[in-house]
Each structure stands twice: as structure tokens, then as C-alpha cells.
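J.: Questions regarding the structure given below will be posed in turn.
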Amino acid sequence: MARLLPALFLAFFMHAAAIAQDWQPRDIADSVAAQIEENYFDEAKATEVAGVVRQQASGGAYDGITDPFRLASALTETIAPYDGHFRVTWSPPDEATDGDDARGRELYSFPDMIRRNGNGFRRVSILPANIGYIEMSNFANIDFGDPNDPVRQSADAALALVSEADAAIIDLRDNGGGAPSMVGYLTSAFTPPDADIYNVFIGRGPDQSEAPEIFYPHPRLEIPLYVLISARTGSAAEAFAYTVKNAGRATVIGEASAGAANPGGLVDAGNGFAVFVSFGAPRSPVTGTNWEGDGVAPDVQVPANEALTTAQRMALDRLARSSDAAYRQAIAWARESLDQPVPATGLAAYSGTFGPYSFEAADNVLHLLQGRRPVLTLLPLGDDTFFRSDDPLVRYHFIRSDGSIEAVESMNARGTVTRHDRSE
């Protein structure tokens, strides 16, 4: 089999080269320029960008490129500085997709990809101390005309799960964008239905509002809301962050977003090439502009990988000031678990059997074993107290007598305590 690999790779690249010979770089560049001229929302800028592409082509910038992916990349480098959405792609034309060696062949459709990713809702959960968490991979399009639209059902299910949360975090750090319909609907879940906050798209045709055709029926207007962004956050994901931020409805945390404001779609340029062209530019009624180029600026700037913990701390600090006394211990325990961890030292002293519990020190952590139940990892808080790494609202406090550990108390944030004396 190993001897066959070089031959297979040779056939692979010969096949791709044969496809490439069906077009000439200057013809593709001219076609890309023509599609930009015809479809880009800003006619003056469209003429400018198309002129740059043609000038580059006539100057030989793309001559000699026979690999379609390289040509798509070269054209993208030319047009990308003019709009955050501009890009050129290539996929094999229909007649070239019969063989398994056709590079770039689409294996399944974009709607299938959305469906297989929870219609954009990658993860929905309740974090310690009742903080709702929604992580979105994209903004899928809602068909408001279909009462059984699965995308809207997914959105409603996610929002229903966090409907009793005391604060909410929406994580868009790995979200490249999607459909304005989801932006409007998700925004309406946290803002008043009559709020004049929705972007209006300006283009060659009539202006269009990002306000949803149907508003979310049970908006959470008072819940503290935090939105996480990064340089990966783009397009529709930026639109949501920008809208709720400027409406004064959310605190945006992380790093400045990508700066790709103008939505659009892929336009066929022939021979398997396509160019993404923006059909309109959003304009916020609050700011009178948008985030193109600069990105959405976070209210709290931290490295993207620290944004979630930062949001949790901020939410818990706010809840600690407003919650009733009975709930404040849970908030305090959750908050303490996010602080700088206490160094794990002297763990061997805690090893032993305490009633149904067995504690074992290994890998600089303390493990809790209880019969056939999954092994739990405990992290130190200091003063002979540990918390469950997966649930900081459960703690274990070891009791000493004359310096020796004689018992352990299992506690939860509701206030219950169970004591077990050491048997081994």
C-alpha cells in the first residue's frame, strides 16, 4: 500500500491541474471584478475595487497561477482590505466532482452543517450559582413563516433553559456570524419590543431592518447580561454584541471583534470560483454607524481565554449585592472557586477512609471515591477545606484533633452538613 501512495498523490494533483487548465487567471480576475461591480452595495467603492483587481491582473499579478486555491487566495488578498467580508473561494465544478480526489468538493451542504451543530447553539448550561450560559457557533437563519422552524425551536429551547437564571452569559468568541434574523430574535429576548435599537441595512435596494418579524415572547429585561467576544467574532455575531452593548443592555467582555460588518453572500464567478460580496451595510440608530474595520470594542478588555471567568466574576459580584441572604453563600462559594487557586501541599495527610468516602492524593489533587460512583476531583481552598472541581457549591472540610485529621464534613451551599469520622 505504501508504494501506491506516491502514484495516488500524483494522480490527485494531475487531476487538479487538469481542472485548472480550463480557465485563465486574467479571465477569472475579470469575472470577480464584474461581480463586485454588479453586486456590491456601495457602487462607487465597487468600481474602485473592481478597478484594482483588473489593474493587478493586467500587470501580471496572477499570471502563472495554475492552482485554483492559490488563485482564490491571491484574489482574496487583493480585495480583503476593502471590506471585512470580501473573499474568493474555489470548489470543483459539478463535472469535476465524480472522483474522490477532487479537492474542495463539498461533502454535505451548509444547512446540514448548521443542523449538525445544534442550529448554532453549541452549548447551553447553568453555571454555578445559577448563571445561564449559551455558547453559539453561528447565527442560523430563522424562517418566521414556519411555526415549526427547527432553528427557532432551538433558539427557544436555549432561552427556555436559562429562563430562570439570575444572570446570563452569551459566548460568541468562536462565532463567525450568520443570519440577521437570528440577531434580531436573540436581541429581542433581552430588550423591550418597542426599542429603537436594531440595525438598518443600507444598500442598492430598499433599506431593511434587523428587527425580527416575530419578537421573542418572554424577554428578560432586567437580568444581568454579558457577551463574550474575540477577534474570531465576526459579522452577525458582532451585530448582536454591538446592538446590545449600545442599547445599554449588556456588558461586552474580551477582545475587539473582527470588524466585518457588511453582510452578503457568495456570487458565482464561473469555473468553480465565487466571490463573497456584501449587499448592504448596517447602520445603528443608536450610533449612526457600524463596526466595519474597527470591530466591536469590549467594555471590559481581557484576553479572550479569560473572558468567561471574568464574566462569571462580574456576574457573581453583582448578584452578591442584590440576592437575598439565603442565597449569598452559594454566590460566595462560586466566586471563591474562581479566585487564584491555593497551592496543593500536604495532600497525603487527607488520604484515608471516612465512612463511605475514600480520599486519595494523586497528581497534585485530592480524589474522592465513593463505591461505584465516578471519581471526583477536589481542589484546595485553604484551612483544610476543598471544593468539587465540577461543582464549587459542594465542599469538604477536614477536622483536626491534636494536629491529626479525625473527621470530614461534607457541606453544600444550601447549608446542609454531613460528618464522617475517620476509620482508616
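J.: Any chance the range 299-312 includes a residue that's open to solvent by less than 20 Å² (accessible area, probe 1.4 Å), touching a helix residue (DSSP H, G or I) at 6+ places or on another chain (Cβ under 9 Å) and of a type outside the set (Phe, Trp, Tyr)?
T.: Among the residues of the range 299-312, not one is open to solvent by less than 20 Å² (accessible area, probe 1.4 Å), touching a helix residue (DSSP H, G or I) at 6+ places or on another chain (Cβ under 9 Å) and of a type outside the set (Phe, Trp, Tyr), which makes the answer no.
J.: Would you check if there is a residue in the range 383-403 being surrounded by 12 or more Cβ atoms within 10 Å (Cβ to Cβ), in a strand (DSSP E or B), in contact with a Pro (Cβ under 6 Å, 6 or more places away or on another chain) and among the aromatic types (Phe, Trp, Tyr)?
T.: Yes, because at least one residue in the range 383-403 is surrounded by 12 or more Cβ atoms within 10 Å (Cβ to Cβ), in a strand (DSSP E or B), in contact with a Pro (Cβ under 6 Å, 6 or more places away or on another chain) and among the aromatic types (Phe, Trp, Tyr).
J.: Among the residues in the range 378-397, are any more than 26 Å from residue 313 (Cβ to Cβ) and in contact with a Ser or Thr (Cβ under 6 Å, 6 or more places away or on another chain)?
T.: Within the range 378-397 (the criterion being more than 26 Å from residue 313 (Cβ to Cβ) and in contact with a Ser or Thr (Cβ under 6 Å, 6 or more places away or on another chain)), the answer is no, since none of the residues qualifies.
J.: Separate question: Quick check, is residue 240 surrounded by 17 or more Cβ atoms within 10 Å (Cβ to Cβ), under 11 Å from residue 172 (Cα atoms), in contact with a helix residue (DSSP H, G or I) (Cβ under 9 Å, 6 or more places away or on another chain) and of a type in the set (Phe, Trp, Tyr)?
T.: Yes: the conditions hold for residue 240.
J.: So, one more: Pairs needed: first member in the range 368-383, more than 12 Å from residue 358 (Cα to Cα) and in contact (Cβ under 8 Å) with a residue 24 or more places away in the chain; second member anywhere, of a type in the set (S, T, N, Q) and open to solvent by 50 Å² or more (accessible area, probe 1.4 Å); C-beta distance under 9 Å; at least 6 residues apart or different chains.
T.: Matching pairs, first to second residue: 379/389; 380/345.
J.: Need the failing condition index for residue 123 against (1) open to solvent by 40 Å² or more (accessible area, probe 1.4 Å); (2) of a type in the set (D, E, K, R); (3) under 13 Å from residue 225 (Cα atoms), just the number.
T.: Unmet for residue 123, out of (1) open to solvent by 40 Å² or more (accessible area, probe 1.4 Å); (2) of a type in the set (D, E, K, R); (3) under 13 Å from residue 225 (Cα atoms): (3).
J.: Residue 171: of a type outside the set (Lys, Arg), touching a strand residue (DSSP E or B) at 6+ places or on another chain (Cβ under 8 Å) and surrounded by fewer than 22 Cβ atoms within 10 Å (Cβ to Cβ), yes or no?
T.: No.
J.: Return yes when residue 147 is closer than 26 Å to residue 213 by Cα and without any contact (Cβ under 8 Å) to a residue 24 or more places away in the chain and no when it is not.
T.: In short, yes.
The values are calculated or read from the model by the stated rules, or taken from the named source; none is laboratory data. This is a predicted model, so every value here is computed, not measured. Note that each Cβ is placed from the backbone with ideal geometry, even for glycine, and that neighbours are counted across all protein chains shown. We work out accessible area using only protein heavy atoms, side chains counted, and drop any ligands, DNA or RNA first. Shrake-Rupley method; radii C 1.70, N 1.55, O 1.52, S 1.80 Å.
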